[in-house]
Structure formats: C-alpha cells, structure tokens
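Notes to accompany the following structure.
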Amino acid sequence: MTLIVEPGNPAAPQTTALLKASHTLMQSLFPAEDNHFLSIDALTAPHIHFFIAREDTTTLGCGAIVEKTGYGEIKSMFVDPDARGKGVADALLRQLIDHATKLKLPAIKLETGTGLHAAHRLYTRHGFTTCGIFGDYIENDTSLFMERPL
C-alpha cells in the first residue's frame, strides 16, 4: 500500500462521506451536547488545515489542525473502518504534528471521547498526555482532553 497524506478538501465526495460516517458514529456513542465535531463547511475556514490520507484515488482517512491562540487543536480525525490497522491514523497524525510545528504552534491539544480506546492509544503513542479542559469546552463525563508540546 502506498499511502499519501496531503492537504484535502472536506467537501470532496469521498471525504464528505468519511466525515458523515464519523459524525454518525459520534452521535451514536455520545449525547448531542457532548459531540464537538465541526461541520464540513466549518472545516474549510482559513485557520483550519485539513489533510487526507489516500491510496491511489481512494480516501482512507482525514484530520485537521485548527489554529487557536497559543495552541493548535486536532479535529475530525477519522479513518475508514475498512482501512484501520494499516497505519493510516499514524500517518495522518504525524502530518498534523509536523504541520503544527511548521506553523510554530507551541502545543497541540484535542478532545476525544472517553470510550474511544483505540484513539487514546494512538494519541499516547505520539506523545500526547491527558490534560485539563481547554478552550470553549464544558466539563462533561464523556470527554477526554489531551495535549502534546511541540
């Protein structure tokens, strides 16, 4: 498998399908008020850097880094269930970390669901540790907050 990670368009048909699948999954796992995903339109904002991972012309995963004051936030990390276990999430996360470093952000943070153990392992492998609540998030029982200095 030749995996390519590159800037992508959230509105591209394959990418939109992945994002909708992610949104559907999160809505099935967590209460509406605890879902913090960005809309497809919001992901096209200038301060959001969106990437896809693809094999040939097939989009396998996506993720974004949002420029915030004093840090970057990882959003919309999702890999097609059929592509899991092939290193797609690792490649995407490495690209997001590298991009945040190029942006000279001092740290990157993220919010993920408490039950998403595979995601927790991924982020821990890449140097993330748990942290307190940040940004505009409201304390709840289903969010886990993590950060990584750059």
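What follows is calculated from the coordinates using simple rules that are stated; it is not laboratory data. All figures in this text were calculated on a predicted structure; none of them were measured in a lab. Heads up, the Cβs are rebuilt from the backbone with ideal geometry, glycines too, and the neighbour counts pull from every protein chain shown.
If contacts are Cα pairs under 8 angstrom and at least 6 residues apart, what is the relative contact order of the chain in percent? This gives 20 percent for the chain.
Could you list the square roots of 5 times each eigenvalue of the Cα gyration tensor of the chain, that is, the equivalent ellipsoid semi-axes, sorted largest first and rounded to whole Å?
21, 18, 15
Of all the options ILE40, ILE74, ILE65, the one that moves most in a Gaussian network model of the chain with Cα springs shorter than 10 angstrom is ILE40. The 3J(HN,Hα) values that the Karplus relation (6.51, -1.76, 1.60; θ = phi - 60°) gives for the stretch 100-105 are, in residue order, 4, 5, 5, 6, 6, 6 Hz. Gly and Pro appear as x. Couplings 3J(HN,Hα) of the stretch 40-55, computed from phi: 4, 4, 4, 5, 9, 5, x, 8, 10, 10, 10, 10, 10, 10, 9, 10 Hz, in residue order, whole Hz [Karplus 6.51 cos²θ - 1.76 cosθ + 1.60, θ = phi - 60°; x for Gly and Pro]. Under 5 Å between amide hydrogens, which residues at least 5 positions from GLY8 or on another chain qualify, with H placed 1.01 Å from N in the peptide plane? Under 5 Å from the amide H of GLY8 lie the amide H atoms of PHE50, PHE51, ILE52, each far enough along the sequence or on another chain. Taken about its Cα centre, the stretch 6-135 carries a charge dipole of roughly 340 debye when the Cβ of each Lys and Arg holds +1 and the Cβ of each Asp and Glu holds -1. Only one residue of MET77, LEU96, ILE138 has its Cα farthest out toward the positive end of the dipole of the chain, where Lys and Arg carry +1 and Asp and Glu -1 on Cβ, and that residue is LEU96. Return the FRET efficiency for the residue pair HIS117, GLU6: r is the Cβ-Cβ distance, R0 is 25 Å, and the value is rounded to the nearest 0.05. It comes to 0.30. Counted by Cβ distance under 13 Å from THR58, the other residues give a net charge of -2, where Lys and Arg count +1 and Asp and Glu count -1.
For the stretch 73-84, the Karplus equation 6.51 cos²θ - 1.76 cosθ + 1.60, evaluated at θ = phi - 60°, returns couplings of 10, 7, 9, 6, 6, 7, 10, 3, x, 6, 9, 5 Hz by residue, with Gly and Pro reported as x. With a/c under 1.5 counting as rounded, go ahead and sort the stretch 14-91 into rounded, prolate or oblate using the C-alpha gyration tensor (a ≥ b ≥ c being the square roots of the eigenvalues; past the cut-off, prolate if a/b is larger than b/c, else oblate). Taking the square roots of the gyration eigenvalues as a ≥ b ≥ c, the stretch 14-91 is oblate.
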